[in-house]
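Following: one structure in structure tokens, then a few remarks.
The values are calculated or read from the model by the stated rules, or taken from the named source; none is laboratory data. This structure is a prediction, so every number in the text was calculated from the model and none was measured. Counting neighbours? That spans all protein chains shown, and the Cβs are built from the backbone with ideal geometry, glycine included. Keep in mind that these areas ignore ligands, DNA and RNA; they rest on the heavy atoms of the full protein, side chains included. Shrake-Rupley method; radii C 1.70, N 1.55, O 1.52, S 1.80 Å.
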Amino acid sequence: MGKYVQTQRKGKGSVFTAHVRTRKGPVKLRILDYAERHGYIRGVVKEILHDPGRGAPVAKVQFRNAYRYKRDTELLVATEGMYTGMFVYCGKKASLTVGNVVPLNMVPEGTIVCNVEAKVGDRGAFARGSGCFAVVVAHDEDKGTTRLRLPSGGKKTVPNNVRAQVGIVAGGGRTDKPLLKAGRAYHKFRVKRNCWPKIRGVAKNPVEHPHGGGNHQHIGKPSTVSKERPAGRKVGLIGARRTGRLRGVKKTAQDKD
């Protein structure tokens, strides 16, 4: 097999770890406390920041601590329409206004939300990228669950007491403008991690990649590969159920419901 392929080296870390020195901090909802479970708590947006390596802006929101004489600063996902000096309300009794954090069982069907939790108190898991949002499709009161449509188009069922922010994540349309030149791509990925430029497997030598070598750049074997193959051979279309162009109308879960 020759050398380890680059994908295997990425698992070890080393030069492939994320570049976090300039990041502003973890972007999460407030820790779930008594105030949020039974009433609401008010915070004020102090500033809206750019977080290097993240497409969406983040909002620095300050809350008064309920138990000590101090202020708590949280970094929340900035939603479209947020501004400095704006009041943000978090909790069961907060109103349905853009930027507020409310449990899903308090929002009507069809509401657009973002930064949705997967489990109660995990502080945000779904729809956090720039311009992303999830749609509340249906509530099931008997089971205590809510069905969401995620940005990918897939459906997800979550407990109906998980929290979400109301509105769309700011920074949408970021990918509409083309990068145009390599220098911009270089700076884009420099603050994320070492994953650019990407060299194709067929452009490598046989020792470095299963698709390498040959007198013309060609794979020379099927590009599909089993899930059970060893790590250095698992390149290309791994565990593919089908290959080729998607033709005709795609039947998704949302068509069945």
Accessible area per residue of region 54-126 at 1.4 Å probe, in Å²?
50 Å²
Rounded percent of accessible protein surface that carbon and sulfur make up, the chain, 1.4 Å probe
52 percent
Give me P(r) over region 22-65, computed from all C-alpha to C-alpha distances, binned every 10 Å, as integer percentages.
22, 47, 25, 5
Starting from the Kirkwood Rh over alpha-carbon pairs, what translational D in µm² s⁻¹ does region 149-221 have by Stokes-Einstein at 37 °C and 0.692 mPa s?
191 µm²/s
Using only C-alpha positions, report the orientation-averaged shadow area of the convex hull of region 1-98, nm², one decimal.
9.6 nm²
How many angstrom lie between the Cα centre of region 30-102 and the Cα centre of region 211-249?
46 Å
Translational diffusion coefficient (Stokes-Einstein; Kirkwood radius from C-alpha pairs) of region 58-125 at 20 °C, 1.002 mPa s, in µm²/s
162 µm²/s
What order do Lys3, Lys143, Lys92 take when sorted by accessible area (1.4 Å probe), most exposed first?
Lys143, Lys3, Lys92
Do the alpha carbons of any pairs in Lys177/Lys204; Lys46/Lys181; Lys155/Lys192; Lys46/Lys188; Lys28/Lys70 sit beyond 25 Å of each other, and which pairs?
Lys177/Lys204; Lys46/Lys181; Lys155/Lys192; Lys46/Lys188
Can you give the Rg to Rh ratio for the chain, taking only C-alpha atoms and Rh from Kirkwood?
1.05
Those trypsin sites (Lys or Arg not before Pro) in region 202-254 that DSSP places in a loop and that have at most 11 other beta carbons within 10 Å:
Lys227, Arg241, Arg242, Arg245, Arg247, Lys250, Lys251
Please tell me the relative contact order of the chain in percent, rounded to the nearest whole number, where contacts are Cα pairs under 8 Å and at least six residues apart.
17 percent
Three-way shape label, region 1-41, alpha-carbon gyration tensor, a/c 1.5
prolate
Net charge contributed by nearby residues that have their C-beta within less than 15 Å of Glu141 (K/R +1, D/E -1)
-1
How would you order 186-195, 50-59 from highest to lowest mean count of nearby Cβ atoms within 10 Å?
50-59, 186-195
For region 125-169, what size does the Cα cloud have along each of its three principal axes, sorted from largest down, in whole Å?
34, 19, 15
Kirkwood Rh for region 119-244 from C-alpha pairs, in Å, is 19.2 Å
In square nanometres, what is one fourth of the surface area of the convex hull spanned by the alpha carbons of region 174-257?
9.9 nm²
Can you give the calculated 222 nm mean residue ellipticity of the chain, where each DSSP H run of n ≥ 4 adds -39,500 (n - 2.57) and the sum is split over every residue, rounded to the nearest 500 deg cm²/dmol?
-2000 deg cm²/dmol
First obtain the Kirkwood hydrodynamic radius of region 34-176 from its Cα pairs, then insert it into the Stokes-Einstein equation at 4 °C and 1.567 mPa s, and state the resulting D in µm² per second as a whole number.
85 µm²/s
